[in-house]
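What follows is one structure encoded as structure tokens, with my remarks underneath.
FYI, it's all coordinate maths here, none of it is from the lab. Since the model is a prediction, treat every value here as computed from it, not as a measurement. We place every Cβ from the backbone using ideal geometry, glycine too, and count neighbours over all the protein chains shown.
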Amino acid sequence: MEERILEFIGDLRRAEMRISTSEALDALAAAAEIGLTDRDTFRTTLATTLVKEARDLETVDRLFNLYFLDLQALGEGVKKALGPEDPRVHEMLDRLVDEENLQLDELTELLMRGQGSEMEMAIRAGGQHAGLERLMYFLQVGYFSRRIADQFDWTAIEQDVERIMALLEARGLDPGQLARIRNYLELRLEAFRRMIRQHVERELERRAYRAGERLTREVLSEKPLFALTPDEVAQMRGVVARLARRIKDALALRQRQEQRGRLDTRRTIRRSLSYGGVPMEVFLRRRHRDKPKLVTICDVSDSVRNASRFMLQLVWSLQECFSRVRSYVFVSEIAEVTQAFRETQVERAIEWALKGAPVDYHCRSDFGYAFSRFAHTELESLDRKTTILVLGDARNNYNDPQAWALRLIRERVKGIIWLNPEGQWGWGIGDSVMPLYAPACDIVRECRTIGQLGEVVDNLVHRWWRRGH
């Protein structure tokens with residue numbers, strides 16, 4: 001059972017649940033204490049020790065039902081497949097086996113007397129050597145069903161059945177009774193074959209759980225943001241949430257490592273001299289790093305609105321990674337939307353920022369005017385701990401770019417990172433003024449997909465703000 005629980009935990013991890021080694025050990029200890037007597041209690045015990053977020057409960061329930069079958073319900077299903085019980089046939093076969101002292105194949109005895117749970121355990125044992133780890137597609141179900149079936153000696157079963165029928169016929173049973181008994185055994189044999197196929201189908205569902213969803217997310221993560229349909233935008237919200245969770249997990253691990261400290265080689269070696277060069281005392285070096293301040297400035301014109309949506313969601317999902325986050329949106333006029341994120345949920349705040357902020361969403365983009373207004377009103381609030389994150393395509397509609405404003409902002413902050421949702425091939429062509437803004441920026445990145453956005457923000461959280469100015 002411990003091996004089965006560990007396999008269950010492995011599949012939960014593959015379904016993108018966060019489960020640490022200590023939590024897995026807690027689940028094993030709790031399961032050993034509770035036991036398997038009550039299936040619902042057993043499931044609750046595993047969920048209590050493994051689940052940290054409500055969204056993961058559905059995953060646990062789904063995989064639990066695939067891993068730990070309701071054997072009582074399974075037995076009822078086998079009974080339904082076989083039809084009404086026939087106690088007289090049961091009694092007749094049992095008496096025959098006892099009186100004749102028949103030595104039957106294990107599977108023959110299982111077909112004659114076994115319950116659904118016993119049949120399932122026999123199938124599971126047979127499947128251990130059938131190569132189910134290669135099961136990936138529905139078209140393979142028939143092949144692996146035959147592989148498991150080949151683990152059983154069907155010739156011996158047929159010989160046992162014929163021997164039983166011959167003995168019953170020798171005892172003078174009429175043809176009607178013989179047909180009734182043969183039909184009973186054949187029904188159970190057919191049910192066993194059907195259970196083999198159902199077992200393989202459950203294994204496929206378990207192994208492929210969320211595989212299609214994962215593939216869809218991977219495809220969408222590489223799809224240009226401007227090309228996403230409304231339905232795909234809704235799907236990508238979950239992708240961004242998972243991306244934020246992964247970045248936070250990695251940061252939390254690094255912070256725990258830094259709290260323990262790293263080896264201070266110089267002090268350790270110096271102290272070891274008093275012990276003949278043996279490092280009896282180990283010294284650790286701990287470094288305290290302040291969290292950075294972050295200011296996001298997002299173009300919310302129609303051409304880049306999806307990119308702004310996902311960057312705002314990602315940044316505000318990671319706000320505990322920063323000491324302070326402030327967000328601004330603009331088309332031509334620029335407005336701060338930080339308060340909306342503090343007072344409402346992230347999704348509602350994003351919708352308001354993209355549709356209800358005090359800016360004219362129908363005018364043409366004017367980056368120069370937005371930067372100049374920001375420099376005049378917000379410059380005094382910036383300092384060397386602040387990083388500016390700009391998202392926009394730098395399509396200025398032939399307005400004055402006012403690059404001086406961005407240079408002035410750069411003098412007050414730690415750095416400026418510019419994410420451009422347009423491909424590099426278009427920078428500087430037509431009304432694009434990206435080449436005029438790039439010299440004032442520390443990092444300029446193409447950001448056409450969620451994958452590229454996640455990479456930039458991950459570097460921002462883990463690396464960019466750690467290095468000196």
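Counting only Cα atoms, the stretch 2-68 measures 29, 22, 20 Å along its principal axes, largest extent leading. Of (i) 4, 17, 25, 24, 17, 7, 3, 1, 1, 0, 0; (ii) 3, 15, 18, 15, 14, 12, 9, 6, 4, 2, 0; (iii) 5, 23, 32, 25, 12, 3, 0, 0, which one was derived for P(r) over Cα pairs in 10 Å bins from 0, in percent from the structure shown? Entry (ii).
Exceedance of the 24 Å cut-off in Cα-Cα distance is limited, within the set 248/291; 291/355; 248/293; 248/355; 291/414; 223/414, to 291/355; 248/355; 223/414. Sorting the segments 26-39, 362-375, 397-410 by their mean number of nearby beta carbons within 10 angstrom, highest to lowest, gives 362-375, 397-410, 26-39.
In whole Å, how far is the Cα centre of the stretch 90-164 from that of the stretch 342-402? Taking the Cα centre of the stretch 342-402 as reference, the centre of the stretch 90-164 is 70 Å away. Full extension of the chain between residue 347 and residue 222 gives 42.8 nm of extra length, using 0.36 nm per residue less the Cα-Cα distance.
Annotation: the residues 418, 154, 352, 425, sorted from fewest to most other C-beta atoms within 10 Å of their own C-beta, follow the order 425, 154, 352, 418. Sorting 148, 181 by the number of Cβ atoms found within 10 Å of their own Cβ, with the fewest placed first, yields 181, 148.
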